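Before any comments, here is the structure.
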Amino acid sequence: MNRSSRAVAGGEFAAQQVLALFDALPDVQLFVKDRESRFVQVNAAWLAIHGCRSAAEAVGKSDHDFHPPALADQYVAEDQRVMRSGKPLGDQPWLVADHTGMPQWYLCTKLPLFDASGRVSGIAGILRPFGHAGHAPYEYRRLTPALEYVVANYRRPLTVGALARRAELSASQLQREFRRLFGMTVGDYILRLRLLMARRRLRSTTDAVGRIATDCGFYDQAHFTRAFKRHTGQTPLAYRRNAT
């Protein structure tokens, strides 16, 4: 192996060591992208959020393969700004949807990567959970009261009108903004949050399915089972068996 080959191998080994370090931080997502904003490396936390079983399912893809167009366009535009400027960008609030479509706030830091000749060859970034919208773009920030209200009240009956009042929007405006930014309706968001909470209960408790259904805002066990199977391909009991 010549000196150049050894250097490449050494660099790949170092990258794997860095990924292993980030895997010890389960709430921190790490990603590396090339100049076209295609993923080159991701860590375990990134894979979990995006519903991937291995890095092979992410490498070569972009944010457009994982997120609604309105969000993906802005992630990639920011990548390109960082690469054009050659300067890091720290702690930017972003709303990121996971593989179930549930949006959550994160702080994102990106820095440009340079090749041996000093040219920008891509970016590396981290995402860490963020509790509130802060100075996020207004179009996202104004929906935060509605999003937070659903999280706090998913067990109770919810209406689009009530959520719209929280965001100081009309019901039609709220629906339009949800479709544009998240690629889903308000009803979809509520249902996905309830299913997310139900999956957590199924994995972590021995509570009866009927109790989980009512605790998570479903009319009854039959309604819950139909919705759960439609979205996961499994009944709640089958999901519990496979998750343990």
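Quick note: the coordinates plus some simple rules give every number you see, no bench work behind them. Note that the structure is a prediction, hence the values are computed from the model and not measured. Here the Cβ positions follow ideal geometry from the backbone for every residue, glycine too, while neighbour counts run over all protein chains shown.
Annotations for the structure displayed:
- For CYS216, net neighbour charge (Lys/Arg +1, Asp/Glu -1) across residues whose Cβ lies under 9 Å away: +2
- Calculated SAXS-style log₁₀ I(q)/I(0) at q = 0.16 Å⁻¹ - the stretch 159-227, Debye, Cα scatterers: -0.63
- Projected area averaged over orientations for the stretch 24-101, convex hull of C-alpha atoms, nm²: 5.3
- Total formal charge among the other residues, if their Cβ is under 10 angstrom from that of VAL40, Lys/Arg +1 and Asp/Glu -1: +1
- Per the Debye formula on identical point scatterers at the alpha carbon atoms of the stretch 111-244, with no solvent, log10 I(q)/I(0) at q = 0.09, 0.10, 0.14 Å⁻¹ is -0.40, -0.47, -0.77.
- A cut-off of 5 Å between modelled amide H atoms, ignoring neighbours fewer than 5 places along the same chain, links ALA97 with GLN104.
- Interchain or long-range residues, amide H under 5 Å from THR235's placed H: none
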